Amino acid sequence: MKECFPDGRTFQQEEKEIYRYTAGNLLMLREVAANIVKGEENVYAMSPKAQCQFFSLLENFSREEQEYLEYLAVMENGVEVSVLCEMLQVKAVHAIRCLLRLLNSGILEEINQKGHERLRIKSKMLRDIIYSRTAAFKKNELHRMAQQYYESARAQGRIQYDLFVLSELKYHSAQAGRVDDALYYNVYYLRYILDYYDEFFPAVPHDVEYLQTFTVSRKEIYQTLDTFQNCYDMMEGDMDAGRCYELQMEIYYLKGRTLNRDGKREKGLIYAEKLIGLAGRAGDERMLLYGYIEALCYGVKAEDSALMKRYLCLVKEMKNLSYYQPEYGSILRLESYCHILDGEYETAEELLNKSIEIFSRPRLKNTYFYPAAGAYDYLAITYRCRGQYDKALEAIEEALRLCKTRGSRKGLDLFYEDYAYILFLQGRMEEAEKFFCISARIYDEFGTYWLRSIGESCMAMIHLEKKEEKEALEHFRRAEIFSKKEKTKEELEVLEIARGKLKKAKVLA
């Protein structure tokens, strides 16, 4: 980069993008540098002279090798060798020999993503050149073949939907011009990400490390969902009824869940009710349950046990409820919270033990460990509310164990907060401070805030006890901010206790 820019300019973050696009090839770097110096809009455009040089470079490869480069240019994100062989119906040994020659030439690179070890063209700039030279019919047919491969392999149970497979399906369907398929896979791609980041019932799939490289803001989520809805409205007349119902239900579900988690629960409930109505007409019991679960989540956040009871009555009218074991386990957990709100702790405890039993079954325990951890967290609340602090700590410790033994940090923000709060109530301030700090770091990591103000209020009181008035005030101000999101009864009560103590100490006016 320094050689290409004699004026010594630096690009910081852009350097990585430029290097990825050119793979460090000096000819390509010089072309990019010249475009930047000239102020060209497309800095990656190549001059005719440079293109001729590249075309002559490609001529050094055999016709078979050039064909494999075209295949790899279509598979922009890289492809597993076995997938490429099956798509092209060629013998693996023969393909490996050709691909190995290309790899040794430095034109390809290996991507060692767990579960999807693959090859791709090292320079995106070179990939784009090869792709642009490939005949349109050939590109379209290869994109269709790729989409069909992943769909067929999924239907036969040879692969499972994960973020990479979904990204390939949405990419190839879009490139092949299959707009309704592209919308379908874009919706499920977004859902896969949001399922992981959900606060109530996060999914923890096998590709967590890859998934954690993706971050989305709530503003982006709303914009994306609005785009999906607009696309759906335009294409509705061209899709079959089954897909229409499925896509609209998914959009309602994701929109309602996002609003509910974002402190806009009244709007979220509207979408949950839309989902319930549409799922009922479509006869889709699973999506109907998702609608009921979101309505119950609204009840948890609004602390409205009367509303929760109305929806629970509707849930219990479903004849096949017990068939949907994961959803049934979650319903039991939410029903327990309804009883917690009404002070019926023994009944809540019974329901939570049933929920834990469901999620501990061999078929579910590895995939659904987080819902079990959530049930243990609620169980701790029933003990805490009865003053049984040691039993409450044991329940939270089990929730933490379930997550930590599987390497998951999801939910640990709330679990550590609840654990620290119990220690705080026991007067074990030094230990409470330690776990409140851990909790705060994880809240920041995931951008969550559910009940966070309790920890901030307690930290304000801990620092006040240590005569650290500045820190006490800082935590109190944060508690005020976080409490405005959900305004739960307990948050506000703890906030007022902290306010009273800070006023008494004349830290607050």
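The values are calculated or read from the model by the stated rules, or taken from the named source; none is laboratory data. Worth saying up front: this structure is predicted, and the values here are computed from it rather than measured. Note: ideal-geometry Cβ built from the backbone for every residue, glycine included; neighbour counts use all protein chains shown. Surface areas here come from the heavy atoms of the whole protein model, side chains and all, with no ligands, DNA or RNA. Shrake-Rupley method; radii C 1.70, N 1.55, O 1.52, S 1.80 Å.
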Item checked: Dipole magnitude of the chain about its Cα centre (Cβ charges: Lys, Arg +1; Asp, Glu -1), debye to nearest 20 -> 440 debye
Notebook entry, point to check: Helix 305-316 versus the longest principal axis of the chain: what is the Cα-based angle in degrees, 0 to 90, to the nearest 10?
Noted result: 60 degrees
Check: How many nm separate the modelled label positions at residue 503 and residue 471, each set 7 Å beyond the Cα in the direction of the Cβ?
Finding: 2.6 nm
Note to self: Using DSSP to call loops (not H, G, I, E or B), can you name the trypsin sites (Lys or Arg not before Pro) in region 407-509 whose Cβ has at most 10 other Cβ atoms within 10 angstrom?
What the structure shows: 467, 506
Item checked: Residue-by-residue Karplus 3J(HN,Hα) for region 390-403, coefficients 6.51, -1.76, 1.60, Hz, glycine and proline x -> 5, 5, 5, 5, 4, 5, 5, 4, 5, 4, 5, 4, 4, 6
Note to self: So with the 1.4 Å probe, I'd like the accessible area per residue for the chain, rounded to whole Å².
What the structure shows: 48 Å²
Notebook entry, point to check: What trypsin sites (Lys or Arg not before Pro) in region 113-160 are in a loop by DSSP, with at most 12 other Cβ atoms within 10 Å of the Cβ?
Noted result: 114, 158
Item checked: Flagged links, alpha-carbon separation over 32 Å, of 391/503; 404/504; 122/255; 316/489 -> 391/503; 404/504; 122/255
Check: Out of 33, 355, 400, whose Cα points farthest toward the positive end of the dipole of the chain (charges: +1 Lys, Arg; -1 Asp, Glu; placed on Cβ)?
Finding: 33
Checklist line | Accessible surface of residue 367 - all protein chains present, 1.4 Å probe, nearest 10 Å² | finding: 90 Å²
Notebook entry, point to check: For region 135-202, what is the charge dipole size about the Cα centre, in debye to the nearest 20, if Lys and Arg each add +1 at the Cβ and Asp and Glu each add -1 at the Cβ?
Noted result: 400 debye
Notebook entry, point to check: What does the accessible area of residue 210 come to, in Å² to the nearest 10, when a probe of 1.4 Å is used?
Noted result: 60 Å²
Checklist line | Positive dipole terminus of the chain, leading residue within 283, 134, 90 (C-beta point charges) | finding: 134
Item checked: Length added when fully stretched, residue 347-residue 489, from 0.36 nm per residue minus Cα-Cα -> 49.0 nm
Margin query: Could you tell me the relative contact order of the chain? Use alpha-carbon pairs under 8 Å, at least six residues apart, and round to a whole percent.
Written below: 7 percent
Notebook entry, point to check: Whose amide H sits under 5 Å from the amide H of residue 116, counting only residues 5 or more places off or on another chain, with H placed in the peptide plane?
Noted result: none
Next item on the list: Using P(r) over Cα pairs in 20 Å bins from 0, in percent as the read-out, say which of (1) 19, 43, 30, 8, 0; (2) 16, 32, 24, 19, 7, 1; (3) 24, 62, 14, 0 was calculated from these coordinates.
Entry: (1)
Item checked: Accessible-area composition of the chain, carbon plus sulfur, in percent [1.4 Å probe] -> 50 percent
Item checked: Length-normalised contact order for region 309-374 - Cα pairs under 8 Å, 6+ apart - percent -> 29 percent
Next item on the list: Starting from the Cα gyration tensor of region 268-346, take the square roots of the eigenvalues, sort them a ≥ b ≥ c, and report rounded, prolate or oblate (rounded when a/c is under 1.5, otherwise prolate if a/b is larger than b/c, else oblate).
Entry: oblate
Margin query: Could you tell me the calculated FRET efficiency between residue 37 and residue 325, based on Cβ-Cβ distance and R0 = 45 angstrom, to the nearest 0.05?
Written below: 0.10
